[in-house]
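*Asks:* Dumping the structure here so I can ask a few things about it.
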Amino acid sequence: MNILRWWCVAVWAIAVVGGVSGTWAAGPSILDPRNLTLMGCAAPNTNYEFVISNEPGNVFFPGDAVNLQIRLSPAATKAKYLTFSIGRIAMDKNRYWHPGWANMVPSGVPKIEFLGWLAQVKVPLPRPAHAAVWRGYPKIPARYLPPAAKGGRMLEVVHLPVPARYGCYVITVAPDGHNPQFLCTLLRANRIAPGFNTSAPILNEAALMTQGAGNNPALLLRGAQTASRLGLKILRFEAHWGNVEQKRGVYDWSGLDPMMHAMAKAGIRTMWTVDCAPFWTMPFDQPTPACIPTKADWSCEPKYLPLFEKWLNVACRRYWDHGRGSLWVLENWNEPWNGISISGWESDIPHYRAIMQVIARVAHAQKPPMETAAACWIGNTENMFLTGQHPARQIKMVDIFTDHYVQPDFSYGPMVARYWHKQSMDTETWVACNEMMLPQVMTQFMACGQEHVNPCYPDFIYFSTPGSPTSYTMPTPVALACNTFSYFITGKPFQRLLFMHHLPFAFQFGTDPHAVVILLGRLFTPFGNSLRSVLWWQFNLTHGGTMSFNNADGAIHIYNLDGNRVFMHQNTITVPVTTLAYYLTCPKGGVKLIRQRLAAATYKNVRPVEIIARDFTQLLNTPGLTLHTTLHNLLPKKLTGILTITPPAGLKLAQNRLPVTLAPGQSLDVATAVIHARIAPTNVYPFKYLFTSAVGDARWAENLHALVAMHTTIKINGDLSQWKHIPGVMHGCEKRQAWFQKHTWLPFSQEAARYPHQFFAQVKLAWDKHYFYVLARVNDAPAYPGHLPLATRNDAQYFRSAKDDAYCESLKPYEKFILAAPWNTPLLVPPPLHKDPLFGAYEKFLATHPQARAEVATGAAGVFFKARKTHPKASFADATYVYKKNPHLDLPWVGNTLQFALRVIPGYNARNMVLDTRRVPAGFHAMPDTDYEYALYACKGGGSELWRLLAPGVPRGFYWPRQPRARVDQGPVPGGLHLVKQNGNMTIYEAAIPWTELSPWHPQPGHAFGFTFIVNRYEGPEAGFDNVAHAIAFGDNKSATKLNGLTLHRYNEAKPSCSAKWGLGK
């Protein structure tokens, strides 16, 4: 039995019972009653059960006959004939039925597009004495097969007239022509070559072939062949050591052999995610309790690693077989996050490295060598291997860097991989729940540098109906989208965007004569969160429009999502500017001709430009002050228009209407003098912009500021009067950004008096010859007990030890309460025991002994007492590698903190990266746009800490407990001055950073620099992973910024880029 799967299902059920928000779709999305209504049929039932077709997965290549086997109940056989209707469905409009969740995507159940009925046939049910002949209908042979296992009859229908055109087809069955019900779906798909091919771009999940198949070799082979026919030639599978060697020294391969042999026969390579040790290798003969009871540690004690190595060697010889078998890559655990993971990993970094050493030694010793992979997100890979003093030595263990759910705005792993001469792939990003999203996700992620991407949970591409032999028997339109992408892109690595400064978004894969260009009208945000996630995001402020280009000679072949050639025999090709993808080939002109034609494309009814409003970097009373605005021509043609700027009252420009001519893709600084300005006490200047042209118009409105660091000396003592004459920038909570954008700001003190419970902040900067100064005052900051001082942190407090035995022993008098509580909620003693005379003492003991209470709350005490009954020497002293306290709560940016960063060194801080700005424009994915980063917070017990998060030479780490430290690393700022002070409803942050810390920046009056900040707000344990909400993010409403994961920690969530410029005042 797969024990980890059972455990995960149990935890999932608990979460659902506990009240996960949203409504889950009941059954497959395609069979949602609303989708069935669109198709005009009833749900499938047991009277007419689809059993199997003549091709695995109902994937039919051109020319394949379509033969179906259907189980008829005894009542169903009384019909004289069956009417089969064949229609076509799609899922390319990104529409959903609300409310509800569709698998991994919280957008509702996907709404299908029903494209009409294409064929209808009547099939007579065979009779013992004769077969009826139907005039006027196609003759569809049908015959009964041997008796069905469930009773009734097994009917075989052959040569159904499914169209030759590629598509996802639905078939309904109606007895005697009445009351049609859903029978099955099938694909007419692009032909995929058989055999192994690790250049296939889409990574698949093993569940597609294994779920519901048991250990049935025939069903497993059919599942593997289904994946192969779709073009899904590589697969990820969790291989548990504990499932094979449940008894020490005895290997049971019966759970793996049928699957691995089936995949080898079908030509599928397998990435094994190696995890989950046998229970006998764990200190308590079961998973070791960690930070929370539902997430225990499933790794083995270090002393058993030689036995792990022995097992893994045998497995590789068995399934790699000198490259002839299915096994391909060994990955070290799934999502091995520090502290709290979801896949059984709850151990420290040194333990992960030790396991990785074993995996690498085994993989690289094979002949020919196998490859290794880690660690499910590039930030995790860097934390595990690229911190400390010997990163080059550690990273030799890893051949492939893996990512999970890393969309472009915080994707940077492939740039790190290239630096270390490694590969990069995204092994889990289950978001492509419709046809449109599949090529969007694949194209954007591969353009970021991922060689393979896993975009689909199996439920997205297959589903089942009553009577199905496995969980995944019916294809969805997304399965066809996978097939089409695989058909066109397999063996063709991403090369470059054809146009680096303007539209269209044309992505080249492969090289001539076999190159393919994927044309995307718009970039879609894979997770649908913010339009600022994508390159040139202002283009998506308007919708609709068309793009046209010449193809009079038919040289360019254009194919749709299904792989059908479209726009044939048209002199001019006009495509809607939407998120749909098209595949372009040019057999006789190649990429050069495609580029030439697209460069001459004509756009209509689209936003033609980006308007980037620039803040002032000087005080508004500075003589010769100029307002700067950048216009970026998004179009591939020359553009002429008028930029009209409407300033706020009290500010007068030399010119309000400026004629502009832009070359294709040109970014032009448009400047106009400020001839009069009344300084606003709020430092807020609302401007409006309008660009008009024959092609289309563009509007923008933004509050500008004077972003100036004044040259003055500040004493770090909380006295705000010394900051009085320095302009600041006020910013509101991003959760209420819509309200703040419409809000008319007052000076901070008046604003705080008017709205005492609105969360907003004001930040000011200053400098002198000794320090760079930062002030933030925050309104309505919640009560906060203070941050753990990191400079004196004792890492041992986070891990199990013999002390846990003592704490558990202190609970011995109350053992019956602990053992009676549910394993997943160990503090909840069953009500009948509340009457026990000792129960009150137990509650009091927990209230007065926090360490003992933690043993109960984490499940450690229950495991300890159970284990000691049969293993008296079981001890947490053998589990010193396992977390017992959540380290996320003590990361430098968690809690009430001021987090800020500077960009002061020319270019990008591309340390240990190889930038790819020759392949994609800067900003297509995350870019390292800050040089220095700091966090300032109040500490428990008093005082404050100014913590360096990033500086030249500092590894991009998180400062986990037991994380190896580099010679130059995170830490308190030497010589830094700082203060965090609570003043009523306001929190004051002050910091002075010495120039010795900021070397090699050499500040001069008038110089511009980048600066950004976030005010983090502690929200309590229900707020999320780190118990913090990034509440105030500077730049989230500015035209100059886009979302960027590398601007500030954490790097696995995007913040506004450090694009706003500040000036050093005189």
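The values are calculated or read from the model by the stated rules, or taken from the named source; none is laboratory data. The shown structure was predicted, so the numbers you read here are calculated from the model rather than taken from an experiment. Here the Cβ is made from the backbone with ideal geometry for all residues, glycine too, and neighbour counts use every protein chain on show.
*Asks:* Within the range 367-396, can you find the residues that are small (Gly, Ala, Ser) and farther than 15 Å from Asn912 by Cβ? Give the steps one after another, and end with the answer.
*Replies:* The initial filter retains those residues of the range 367-396 that are small (Gly, Ala, Ser), namely 373-375, 379, 388, 392.
Selection gives Ala373, Ala374, Ala375.
*Asks:* Sticking with this one: Out of curiosity, is Tyr169 of a type in the set (Ser, Thr, Tyr), surrounded by 24 or more Cβ atoms within 10 Å (Cβ to Cβ) and either in contact (Cβ under 8 Å) with a residue 24 or more places away in the chain or not assigned by TED's automatic domain parsing to the domain that holds Leu31 (or both)? Let's see the steps before the verdict.
*Replies:* On the way: of a type in the set (Ser, Thr, Tyr): yes; surrounded by 24 or more Cβ atoms within 10 Å (Cβ to Cβ): yes; either in contact (Cβ under 8 Å) with a residue 24 or more places away in the chain or not assigned by TED's automatic domain parsing to the domain that holds Leu31 (or both): yes.
Here the answer is yes, as Tyr169 does meet what is asked.
*Asks:* Taking only the range 210-240 into account, find how many residues are buried (at least 22 other Cβ atoms within 10 Å of the Cβ) and on the phi > 0 side of the Ramachandran plot.
*Replies:* Count: 1.
*Asks:* Identify the residue in the range 675-701 that is aliphatic (A, V, I, L, M) and over 17 Å from Thr630 (Cβ atoms) and, among all such residues, is surrounded by the fewest Cβ atoms within 10 Å (Cβ to Cβ). Lay out the reasoning, then the answer.
*Replies:* Kept after step one, since they are aliphatic (A, V, I, L, M), are these residues of the range 675-701: 675, 677, 679-680, 684, 690, 694-695, 698, 701.
From the residues that got through so far, the ones that are over 17 Å from Thr630 (Cβ atoms) too are 675, 677, 679-680, 684, 694-695.
On the way: Ile675: 11, Ala677: 21, Ile679: 14, Ala680: 19, Val684: 18, Ala694: 8, Val695: 22.
My answer is Ala694.
*Asks:* Further, regarding this structure: Kindly indicate whether Ala227 is outside the structural domain of Gly57 (by TED's automatic domain parsing), in a helix (DSSP H, G or I), in contact with a Leu (Cβ under 7 Å, 6 or more places away or on another chain) and at pLDDT 95 or above. Spell out the reasoning first.
*Replies:* On the way: outside the structural domain of Gly57 (by TED's automatic domain parsing): yes; in a helix (DSSP H, G or I): yes; in contact with a Leu (Cβ under 7 Å, 6 or more places away or on another chain): yes; at pLDDT 95 or above: yes.
Yes; evaluated as a whole, the condition is true for this residue.
*Asks:* Turning to a different aspect of this structure: Where in the range 507-577 are there strands (runs of 3 or more DSSP E), lying fully within it, with 1 or more residues that are among the small types (Gly, Ala, Ser) and in contact (Cβ under 8 Å) with a residue 24 or more places away in the chain?
*Replies:* Details: elements: 516-520, 546-550, 557-559, 572-576.
Answer list for the range 507-577: 546-550.
*Asks:* From the set of residues in the range 762-786 that are hydrophobic (A, V, I, L, M, F, W, C) and at pLDDT below 90, which is farthest from Gln899 (Cα to Cα)?
*Replies:* Residues of the range 762-786 that are hydrophobic (A, V, I, L, M, F, W, C), as a first pass: 763, 765-767, 772, 774-776, 778, 781, 783.
From what is left, the residues that are at pLDDT below 90 are 781, 783.
Numbers: Ala781: 15, Ala783: 18 Å.
Step by step, filter the range 762-786, then rank; the result is Ala783.
*Asks:* Which of (1) surrounded by fewer than 17 Cβ atoms within 10 Å (Cβ to Cβ); (2) in a loop (DSSP other than H, G, I, E, B); (3) basic (Lys, Arg) is the odd one out, the single condition Lys652 does not satisfy?
*Replies:* Here Lys652 clears every test but (2).
*Asks:* For the range 378-392, how many residues are touching a strand residue (DSSP E or B) at 6+ places or on another chain (Cβ under 8 Å) and without any contact (Cβ under 8 Å) to a residue 40 or more places away in the chain?
*Replies:* The total comes to 2.
*Asks:* Given the conditions (1) on the phi < 0 side of the Ramachandran plot; (2) at pLDDT 95 or above; (3) out of contact with any Lys or Arg (no Cβ under 8 Å at 6 or more places or on another chain), which single one is not true for Gly665?
*Replies:* (1)
*Asks:* Take the range 613-638 and flag every residue that is farther than 28 Å from His711 by Cβ and assigned to a strand (DSSP E or B). So that I can check it myself, show each step before the final result.
*Replies:* Kept after step one, since they are farther than 28 Å from His711 by Cβ, are these residues of the range 613-638: 631-638.
Passing the criteria: Leu631, His632, Asn633.
*Asks:* With (1) part of a loop (DSSP other than H, G, I, E, B); (2) assigned by TED's automatic domain parsing to the domain that holds Val856 as the list, and Leu790 as the residue in question, which single condition is left unmet?
*Replies:* (2)
*Asks:* A further question on this structure: Between residues in the range 964-980 that are over 21 Å from Phe772 (Cβ atoms) and residues that are of a type in the set (D, E, K, R), which pairs lie under 6 Å by C-beta distance while being six or more apart or on different chains?
*Replies:* Matching pairs, first to second residue: none at all.
*Asks:* Here's something else I'd like to know. Taking Pro469 and the conditions (1) crowded, with 18+ Cβ neighbours inside 10 Å; (2) closer than 30 Å to Asn215 by Cα, which numbered condition does it fall short on, given that it satisfies the others?
*Replies:* Every listed condition holds for Pro469 apart from (1).
*Asks:* Right, another one. Considering only the range 51-91, how many residues are touching a helix residue (DSSP H, G or I) at 6+ places or on another chain (Cβ under 8 Å) and either hydroxyl-bearing (Ser, Thr, Tyr) or at pLDDT below 90 (or both)?
*Replies:* 0
*Asks:* Just to be sure I understand, how many residues within the range 677-697 are aromatic (Phe, Trp, Tyr) and part of a loop (DSSP other than H, G, I, E, B)?
*Replies:* From the range 677-697, those aromatic (Phe, Trp, Tyr) are 685, 687, 689, 691; that's our starting set.
With part of a loop (DSSP other than H, G, I, E, B) added as a condition, the list becomes none.
Number of matching residues: 0.
*Asks:* Would you check if Ser999 is hydroxyl-bearing (Ser, Thr, Tyr) and modelled with pLDDT under 95? First the steps, then the outcome.
*Replies:* Values: hydroxyl-bearing (Ser, Thr, Tyr): yes; modelled with pLDDT under 95: yes.
Criteria met by Ser999.
*Asks:* Among the numbered criteria (1) out of contact with any Lys or Arg (no Cβ under 7 Å at 6 or more places or on another chain); (2) modelled with pLDDT of 95 or more; (3) crowded, with 19+ Cβ neighbours inside 10 Å; (4) closer than 23 Å to Ala938 by Cβ, which one does Pro994 miss?
*Replies:* Failed condition: (3).
*Asks:* One residue is enough: does the range 94-104 have a residue meeting the conditions at pLDDT below 70 and over 29 Å from Pro477 (Cα atoms)?
*Replies:* Taking the range 94-104 and keeping what is at pLDDT below 70, we get 98-104.
Narrowing further to those that are over 29 Å from Pro477 (Cα atoms): none.
No, the range 94-104 has no match at all.
*Asks:* Now for a different question. Going through the range 388-424 one residue at a time, which ones are touching a helix residue (DSSP H, G or I) at 6+ places or on another chain (Cβ under 9 Å), assigned to a loop (DSSP other than H, G, I, E, B) and within 29 Å of Pro921 (Cα to Cα)?
*Replies:* Val398, Asp399, Val406, Gln407, Ser411, Tyr412, Trp420, Lys422
*Asks:* When Arg948 is evaluated against the numbered criteria (1) closer than 26 Å to Ile349 by Cα; (2) charged (D, E, K, R); (3) part of a loop (DSSP other than H, G, I, E, B), which criterion, by number, is the only one it fails?
*Replies:* The one condition Arg948 does not meet is (3).
*Asks:* If I ask for residues that are assigned to a loop (DSSP other than H, G, I, E, B), hydrophobic (A, V, I, L, M, F, W, C) and loosely packed, with under 15 Cβ neighbours inside 10 Å, which ones from the range 828-837 would you list? Explain how you work it out, then say what you get.
*Replies:* Applying the first criterion (assigned to a loop (DSSP other than H, G, I, E, B)) to the range 828-837 yields 828-830, 836-837.
Next cut, hydrophobic (A, V, I, L, M, F, W, C) only: 828-829.
Across the range 828-837, the qualifying residue is only Leu828.
*Asks:* Continuing with this model, one more query. Could you count how many residues in the range 949-963 are under 25 Å from Ile340 (Cα atoms) and over 26 Å from the mean Cα position of the chain (by Cα)?
*Replies:* Quick first cut of the range 949-963, residues under 25 Å from Ile340 (Cα atoms) only: 949-950, 955-963.
Those left that are additionally over 26 Å from the mean Cα position of the chain (by Cα): 962.
Selection size over the range 949-963: 1.
*Asks:* Could you check Ser411 against (1) crowded, with 19+ Cβ neighbours inside 10 Å; (2) of a type in the set (S, T, N, Q); (3) in the same structural domain as Leu235 (by TED's automatic domain parsing) and say which number it fails?
*Replies:* Only one criterion is unmet by Ser411, namely (3).
*Asks:* Still on this structure, please answer the following. Going by what's in this entry, would Pro475 be described as modelled with pLDDT of 90 or more and surrounded by fewer than 24 Cβ atoms within 10 Å (Cβ to Cβ)? Spell out the reasoning first.
*Replies:* On the way: modelled with pLDDT of 90 or more: yes; surrounded by fewer than 24 Cβ atoms within 10 Å (Cβ to Cβ): no.
Considered against the rule, which asks whether it is modelled with pLDDT of 90 or more and surrounded by fewer than 24 Cβ atoms within 10 Å (Cβ to Cβ), Pro475 comes out as no.
*Asks:* Can I ask one more? Residues that are over 22 Å from Thr427 (Cα atoms) and without any contact (Cβ under 8 Å) to a residue 24 or more places away in the chain: does the range 206-229 have at least one?
*Replies:* Yes, because at least one residue in the range 206-229 is over 22 Å from Thr427 (Cα atoms) and without any contact (Cβ under 8 Å) to a residue 24 or more places away in the chain.
*Asks:* Report, by residue number, each residue of the range 925-963 that is without any contact (Cβ under 8 Å) to a residue 60 or more places away in the chain and of a type in the set (Val, Ile, Thr).
*Replies:* Val954
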